[in-house]
Every structure is written in structure tokens, then in C-alpha cells.
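Here is the structure we will look at.
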Amino acid sequence: MEGRAVSDVAQDFAAQPAAAPGPGAKAEVWLWIAQRASAALLALCVLVHLATIIYAVRHGLSGAAILERTRGNAAGLVFYVVYVLAIAVHAPIGLRSLAQEWLGWRGASLNWLVAAIAAALFVFGLRAAWAVFA
Amino acid sequence: MKNDYRARNHPAWWAFLVHRLSGLALSVFLPFHFWALGQALQGEARLDSLLRWTEQPLVKFAEVMLVLLLAAHLSGGLRLLALEFLPWRDWQKSLLAWAAGAALAAGLAFALLL
Amino acid sequence: MLKVSVWRGGASGGYRVYEVPRRESQSVLDVVTYIQRSIDPTLSYRFACRVGMCGACAMTVNGVARWTCRTHVAKVAKGNAIQIAPLANLPVVKDLVTDMRELFDKAARALGRFVPSATRKDGFARVASDSPERAVIDAGIECIGCGVCYASCDVVSWNPDYLGPAALNRAWTLVNDVRDGARRERLAAVAGDAGCHACHTHLSCSERCPKDIAPTASIAGLKRAVALAAWKGEL
């Protein structure tokens, strides 16, 4: 290798622009923000849910007992709707990372599947919340 | 060259694995959960017969596992939020211990109350 | 006698076993050197300072990335056996030598270089050594680019575009440099799935860093800085 002046090599390095972040980088930042925000919200929801489960197990787990507590319970409905929303955001983003890293699956097709899972969780979750409220 | 289990054999890595696998398991469980609750649309009796099905020991065991998984994912997640948002301190390693303890406690509470 | 299993070949190859006399206070680098000088001169490996300052001797010892000059055989030998392989996550040139270029390319892609905001005509920048930013920089500035963290990171294995702990750690020290003039570009460079957001806090990098740096903490800092910039519409 013929010799090059140190200053020439240094200049080459300095002239290298940082490669522009991928086209999806900004969206990925927002996915991260959504994941953490939904996580914080879910922390509260899950604590309430766990407490409710433990209470329910002690005070009767029959269909009648459960529905007695949830039917017409507007606050409960609001809680479960918020809970379902948070899950519909949180779970698909987590599954997306898993698929990318362990299945090597990347790109638009994965994003579509993940969006579909989010929609399905949202719809069926709302249905479940309504089912015990109505 | 690829890393194997020897490179991964440290507590924080196990915490990651538990967190990811518990999240996956919960995601798989959720559709069933929503379906089961949705059965209430067909009336109280339908929900009741479903709940009687869950009285089986194997199902009860699965329920304990699910509560454990949920508690583990929650406490692991709180640990991650602390690591990512709070100033870096050396006690972050013991966060793992607290998280594991909290998860176990919740699971035990559930199991004992069954 | 030690039974030393050494990787020979390139990306494909195999382990060859050598018998090396066991000595007191022997380091793994001593073992590799003995093999090359006294048994098999065709063995290729890297080293430079051999006293734990340069990081050139980093290799995989019994599955874990370490500086071989700073690793006592007594500490890692399983009975009388050691396995020595090149660093993971990097292309193997020959035997224990890896191609380090992607490590440095990624440092460049993360904008891991200082971008001046003043000229020689401006006065000296005044940065208090006890300022909070300086404390943050101090925690991460000692990186010598040895590649142990990069070799230890599973996200690097799973995500070929991931910039990696060393590049991101360096970017974080520059984000905190009050003299630097490229904050916006740097935050953009480290954002996304190829950047800091791919880190899953495995903490392997922090666990293995021979200089006790915690790249995980630096990456967490980048996550916060990038999220804040995105929120404010500055990304």
C-alpha cells in the first residue's frame, strides 16, 4: 500500500457524511415512544387487573358473580376500554421486534401483519368489555 | 462467528428472555381471553359453563402460570422503564432482584388464594 | 498441560487442539503467543501493547469476549481446557483475526466525530469539569474501540444494520459536548431500528466492557434525547 499523508486520510474521514437514517427512522422513534407510553399506562391497568383477579378469586368466580360486578358498571367499562387500547398498541409493537430479530422478518409485510393484529386485539377486546358490561 | 449461551449467561440477559417470552405467551393467550369474555354476550349461563370448564386442575395450573407471566412481564417492564428513564445508578442490578421478587409474590398470592 | 482449542480458518474452519505448558500467572495472550512461536507459526492473531491499554488482543475465550492479555488462564480455564476463537459478530479474516471495518464504519454512521461550531478566532470554550454534561461524558469517554461490546451484543447478531454499543456510546458523549455543532444531525443518525431504539437492554455490553463503561446507559440517554427531539418536532 503506497503511503498517504496522515492529513489526507484524516480529511477523507472528516468528509464522510453520516449516512442518512433509514426512511422509517422517524416512525420507529414514535413506535418506541408509543411502546413506552402504553407500557406506563398498562403498568397501572395491570396492577388494578391483578388486584381485581385476586379479589374475584376470593369472592366468587361464577358467571353470575363476575357479571354482577361488571354489568352496568360504567367506570369499569371505561377502564377496560383504556386497557384494551393500551394493549392494542403495546403488544403488536413488541411482537414486531420479536419477528424482526428472531424470524428475520422485516419490511412492509410485517408492518401490515402487526397493524392487523392491533386492529384485531382492539375489536375483540372492545367486544369482550362490552359483553360483560351490557 | 456467533455467540452461544456462554455469552448470554448473565442475569440481565435472562431478564430480557423472560420479558420477551412472557410477552409472547400473553399475546397468544389474549385472543382466548377476549373470546371467553365475549361469550357473556350469549348470556350468563354460557359464561358460567365456561368458568366451570376452568375448574379443572390443569386449567387452574395454567391460570397460575398466566398470572405469574403477567406479574413477571409487568415487573420486568417497570425495571426497563427505570433503566431507560431514570439516571443511571449502580442499584440497577438489584432492580432485577426486586422485579423477580414482586413477580413471584403476585403469583404466589394468586396460587394461595385459589 | 493446558488443552487449548483454537479456531483455525476463516468463516469456515475448525478448532485445532494444542498442548501448552501451564505456568503461573499465565494470561490467555501468553498461551496464544506460545502456540504461534513454539508450536504452529501459521497461527494468525492480533496484539499490540499486551498490558491492557490498546484492546487489540480482544478474542472470544470460552464463549465470552475478553482482552486476552488481561485474562488469567487460571480464571477462565475449565479444568485444563480453554477454547479461543475470534470475536463474534465480525467477519473472520484468518484464525483469530477479525475484520474490524464495520465497527468503525458504524461509528462514522452514528456521526461519532466532533463537529466544530466555533473557529480559531473565537475564544476557548469553557466547560467546567464538574458540570453535569461533563460527568456524563466522563462515564463513557474512555472507550478505545476494542469491539468487545460489539462482539457481545445479540442485537448486533440479530440486526445487521444495528450501529452497536460502541458507536452509540461515542455518539452520546458527543451529544453531551456543549461545544459540538451537529446535535440535530447526530440525533437523526442514531434514531430508529438501526440506532438506539433497537437496544433491548440485554446489558451484555456493559457486563463485558473491559473499561467498565456502560453503553446501555449511554444508549438509554440517546433514547431519551431522540424521543424528546421527535416530540418537539426537531428530529
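The values are calculated or read from the model by the stated rules, or taken from the named source; none is laboratory data. All values derive from a computational prediction rather than experimental measurement. Methodologically, a virtual Cβ is constructed for each residue, glycine included, from the backbone with ideal geometry; neighbour enumeration extends over all protein chains shown.
Against the definition (within 18 Å of the chain's Cα centre (by Cα), surrounded by 20 or more Cβ atoms within 10 Å (Cβ to Cβ) and in the same structural domain as residue C:212 (by TED's automatic domain parsing)), how does residue C:109 come out, yes or no? Against the criterion (within 18 Å of the chain's Cα centre (by Cα), surrounded by 20 or more Cβ atoms within 10 Å (Cβ to Cβ) and in the same structural domain as residue C:212 (by TED's automatic domain parsing)), residue C:109 qualifies. Pairs linking a residue in segment B:43-54 that is of a type in the set (Lys, Arg) to a residue that is modelled with pLDDT of 80 or more, with Cβ atoms under 8 Å and 6 or more positions apart or on different chains, are B:46/B:39. Restricting the search to segment C:181-235, which residues are of a type in the set (D, E, K, R), over 24 Å from residue C:125 (Cβ atoms) and out of contact with any Cys (no Cβ under 8 Å at 6 or more places or on another chain)? Selection gives C:193, C:207, C:212, C:224, C:232. If you go through segment C:219-235 and keep only what is buried (at least 20 other Cβ atoms within 10 Å of the Cβ) and among the charged types (D, E, K, R), you end up with just C:223.
Taking the criterion of being among the basic types (Lys, Arg), in contact with a strand residue (DSSP E or B) (Cβ under 8 Å, 6 or more places away or on another chain) and within 13 Å of chain B (Cβ to nearest Cβ), the only residue of segment C:32-84 that qualifies is C:66. Answer with yes or no whether residue C:166 is surrounded by 23 or more Cβ atoms within 10 Å (Cβ to Cβ), modelled with pLDDT of 95 or more and touching a Leu at 6+ places or on another chain (Cβ under 6 Å). It is false that residue C:166 is surrounded by 23 or more Cβ atoms within 10 Å (Cβ to Cβ), modelled with pLDDT of 95 or more and touching a Leu at 6+ places or on another chain (Cβ under 6 Å).
Filtered by the rule that a residue be farther than 20 Å from residue A:25 by Cβ and away from chain A (no Cβ under 14 Å), segment C:148-165 gives C:148, C:149, C:150, C:151, C:152. For segment C:195-216, name all the residues that are hydrophobic (A, V, I, L, M, F, W, C) and surrounded by fewer than 24 Cβ atoms within 10 Å (Cβ to Cβ). Of everything in segment C:195-216, those that are hydrophobic (A, V, I, L, M, F, W, C) and surrounded by fewer than 24 Cβ atoms within 10 Å (Cβ to Cβ) turn out to be C:209, C:213, C:214. Among the residues making up segment C:158-170, those that are assigned to a helix (DSSP H, G or I) and within 14 Å of the chain's Cα centre (by Cα) are C:165, C:166, C:167, C:168, C:169, C:170. Residue count for segment C:171-214, restricted to those that are assigned to a helix (DSSP H, G or I) and among the polar types (S, T, N, Q): 3. Annotation note: of A:58, A:127, A:69, the sole residue that is more than 30 Å from residue C:184 (Cα to Cα), loosely packed, with under 14 Cβ neighbours inside 10 Å, of a type in the set (Lys, Arg) and touching a helix residue (DSSP H, G or I) at 6+ places or on another chain (Cβ under 8 Å) is A:58.
Among all positions in segment C:57-69, there is no residue which is among the aliphatic types (A, V, I, L, M) and either outside the structural domain of residue C:22 (by TED's automatic domain parsing) or modelled with pLDDT under 95 (or both). Among the residues making up segment C:71-121, those that are closer than 30 Å to residue C:172 by Cβ, aliphatic (A, V, I, L, M), free of Cβ contacts under 8 Å to residues at least 60 places away in the same chain and not in a loop (DSSP other than H, G, I, E, B) are C:97, C:108. Within this structure, residue A:124 fails the test of being of a type in the set (A, V, I, L, M, F, W, C) and in contact (Cβ under 8 Å) with a residue 40 or more places away in the chain. When we screen B:79, B:46, B:52, B:6 for residues that are under 25 Å from residue A:38 (Cα atoms) and out of contact with any Lys or Arg (no Cβ under 8 Å at 6 or more places or on another chain), the only hit is B:79. Number of residues in segment C:167-212 that are under 16 Å from residue A:32 (Cβ atoms) and not small (Gly, Ala, Ser): the value is 9. Residues in segment A:21-52 that are farther than 30 Å from residue B:33 by Cα and either facing chain C (nearest Cβ under 8 Å) or at pLDDT 90 or above (or both): 7 in all. Of all residues assigned to segment C:199-208, at least one qualifies as being more than 7 Å from every other protein chain (Cβ to nearest Cβ) and of a type in the set (Ser, Thr, Tyr).
For the criterion of being of a type outside the set (S, T, N, Q), surrounded by fewer than 13 Cβ atoms within 10 Å (Cβ to Cβ) and away from chain B (no Cβ under 11 Å), residue A:86 fails.
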